[in-house]
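Trainee: The following block contains the structure, expressed as structure tokens.
Just so you know, all these numbers are worked out from the coordinates, no wet-lab data involved. All values derive from a computational prediction rather than experimental measurement. Neighbour counts are summed over all protein chains in view; Cβ atoms, including those assigned to glycine, are modelled from backbone coordinates with ideal geometry.
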Amino acid sequence: MQNLNIETIGVRTQLQRSHFNEHSAPLYLTSSFVFDSAEDLRAAFNEETEAFIYSRYGNPNNEEFVSKVSIMEGAEAGIATSSGMAAIYATFMSLVSSGDHVISCSSIFGATHTIFTKYFPKIGVTYSYFDANDVHEIEKLIKPNTKFVYLETPTNPAIEVIDLELVNTIVKKHGLILIVDNCFATPYLQKPIEYGADIVIHSATKYMDGQGRVLGGVVVGKESLIREIYLFNRITGASLSPFNAWILSKSMETLPLRMDRHCDNALKVARFLEGQKGILQVKYPFLESHPNYAIAKKQMKLGGGIVAFTLEGGLQKGAQFLNKLNMIKISANLGDSRTIATHPASSTHCKLSAQERLQVGIDDGMIRISVGLEHYEDIINDLSQAL
Ligand SMILES: *Cc1c(COP(=O)(O)O)cnc(C)c1O
């Protein structure tokens, strides 16, 4: 499957047919698998044979989903987890030990930030943050005990773009591991492994499902690293349910198609917003006005489905705007077929002070739109009347 185009990989990577010769992969709702003999069971446990044993260890539906993502990302191996956060946590825990130090971009998903700030201190792991707009800072933050460098691009919710090639050059010069949360871009728009990333993580809950139905996560990358992450996740139990894997596997068939429309709509929304009064700034990777437009063009196929903009008038104006929306719903999710609006200052980042929010690139008047698959005119009309 390696030489096929990504659209074909999504559609054609399938489980081997069962004896029923089904056309579409069936759902394997089973917690465990049986063996013909004690010797077969022993061989499976010893990994002398490849057999499914128990669904916490692995399941055919999980395997199908993981192979699609691994091949799309150009990765050697992968594992599926019960959510994006399970993927991130399992990755971190399999890599760090007490006394280690890690480096992360400061502009990251809220729960990932909480792992660094609340749970890493408990196990004696320290962290340093670099600014998405100053990746050269990474070099100054590296210590002898630094284990990995972690980042998201485009970042959430400020939609900054980080130069993967440049970061990888710095990281590899010091022999460190580079981990990229590729959730906003998906493998259709951006393949961090091509720029040297060792591990790529996704919250499959977002664009991979794409229809707001299931939670899921996936980690792909170097086989030796994935093996350790797999063992951690299998022991601690955050395995993806077969049903969710089945849903996600079907969704991957339409990922490229959906991303094309998300990106096309998002660019139209961004262009519309740029011309409006009362808006201070519009952030979208493929707008010429984006500070890292050239980097986005280099490493992304299209600009993604998320647009951020800043309303004049701060906290109050942001909340007012959300309340005026009709079709577009207020939700903390993203990557859905339905357009969603969020006001980070009064939701995901409300526990931070205004000063702290600014440090992670969030102005109090910032609105984040996850542009859906509706006709773009209907999305723009709703935004227009709310403005
Ligand atoms: C949602 C999200 C996560 C967490 O994923 P869950 O599936 O909600 O656990 C991690 N990273 C990014 C960038 C996300 O958007």
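Trainee: Using the Karplus curve 6.51 cos²θ - 1.76 cosθ + 1.60 with θ = phi - 60°, work out ³J(HN,Hα) for each residue of segment 95-101 in order, rounded to whole Hz, and write x for Gly and Pro.
Mentor: Per-residue couplings from phi come out as 9, 9, 10, 3, x, 7, 10 Hz.
Trainee: Please give the length that would be gained between N3 and S24 if that part of the chain were fully extended, namely 0.36 nm times their separation in residues minus their C-alpha to C-alpha distance (nm, one decimal). Write out the running numbers ahead of the final one.
Mentor: Working: separation 21, 0.36 × 21 = 7.56 nm, distance 2.25 nm.
Here the segment from N3 to S24 would lengthen by 5.3 nm.
Trainee: Given labels modelled 7 Å from the Cα in the Cβ direction, how far is it in nm from S353 to N381?
Mentor: 4.6 nm
Trainee: If packing is taken as the mean number of other Cβ atoms within 10 Å per residue, what is the order of 19-26, 44-51, highest first? The partial results should precede the final answer.
Mentor: Working: 19-26: 10.0, 44-51: 11.5.
Answer by packing, highest mean first, reads 44-51, 19-26.
Trainee: Could I ask something else about it? Measure out, as a whole number of angstrom, how far apart the alpha-carbon centroids of segment 113-135 and segment 1-50 sit.
Mentor: 38 Å
Trainee: Determine the sum of side-chain charges near V125: Lys and Arg each +1, Asp and Glu each -1, restricted to other residues whose C-beta is under 13 angstrom from that of V125. Before the final figure, lay out each step's value.
Mentor: Numbers: positive: K118, K122, K143, K147; negative: D100.
So the surrounding residues net to +3.
Trainee: Also, quick follow-up: Rounded to whole Å, give me the distance from the Cα center of segment 215-273 to that of segment 277-307.
Mentor: 23 Å
Trainee: Please build a GNM for the chain, connecting alpha carbons under 10 Å apart, and tell me which residue among L334, L164, L95 fluctuates the most.
Mentor: L95
Trainee: Related question: If you restrict to DSSP beta bridges whose two residues both lie in the chain, what percentage is antiparallel, to the nearest 5?
Mentor: On the way: 24 of 42 bridges.
Of the beta bridges lying entirely in the chain, close to 55 percent run antiparallel.
Trainee: Under 5 Å between amide H atoms, partner at least 5 residues away or on a different chain: which partners does S331 have, H built in plane at 1.01 Å?
Mentor: Correct list: A341.
Trainee: ³J(HN,Hα) across segment 276-283 via Karplus (A = 6.51, B = -1.76, C = 1.60, θ = phi - 60°), whole Hz, x for Gly/Pro?
Mentor: Calculated HN-Hα couplings, in order: 8, 6, x, 10, 7, 7, 10, 10 Hz.
Trainee: Quick one: net charge of Y28's neighbours, Cβ under 12 Å, K/R +1, D/E -1?
Mentor: Net local charge, Y28 excluded: -3.
Trainee: From the helices alone, meaning DSSP H stretches of at least four residues, give me the mean residue ellipticity at 222 nm for the chain, per-run term -39500 (n - 2.57), in deg cm²/dmol to the nearest 500. Intermediate values should be presented prior to the final figure.
Mentor: On the way: 15 runs with 144 residues, N = 387.
Here the helix-only value at 222 nm equals -11000 deg cm²/dmol.
Trainee: Summing Lys, Arg as +1 and Asp, Glu as -1, what charge do residues with Cβ under 10 Å from the Cβ of D209 carry, D209 excluded?
Mentor: Details: positive: K206, R213, K250; negative: D336.
Spelling it out: positives minus negatives among the neighbours equals +2.
Trainee: Can you give the Rg to Rh ratio of segment 6-254, both from alpha-carbon atoms, with Rh computed by the Kirkwood formula?
Mentor: On the way: Rg = 18.6 Å, Rh = 18.7 Å.
Here Rg/Rh amounts to 0.99.
Trainee: Let me ask something else. Quick one: if the Förster radius is 30 Å, what FRET efficiency do D260 and R17 give, using the C-beta to C-beta distance and rounding to 0.05? Before the final figure, lay out the partial values.
Mentor: On the way: r = 30 Å, r/R0 = 1.01.
Here the calculated transfer efficiency is 0.50.
Trainee: At what distance in nm do the modelled label points of N333 and K277 sit from each other, each positioned 7 Å from its Cα along Cα→Cβ?
Mentor: In this crude spin-label approximation the distance works out to 3.7 nm.
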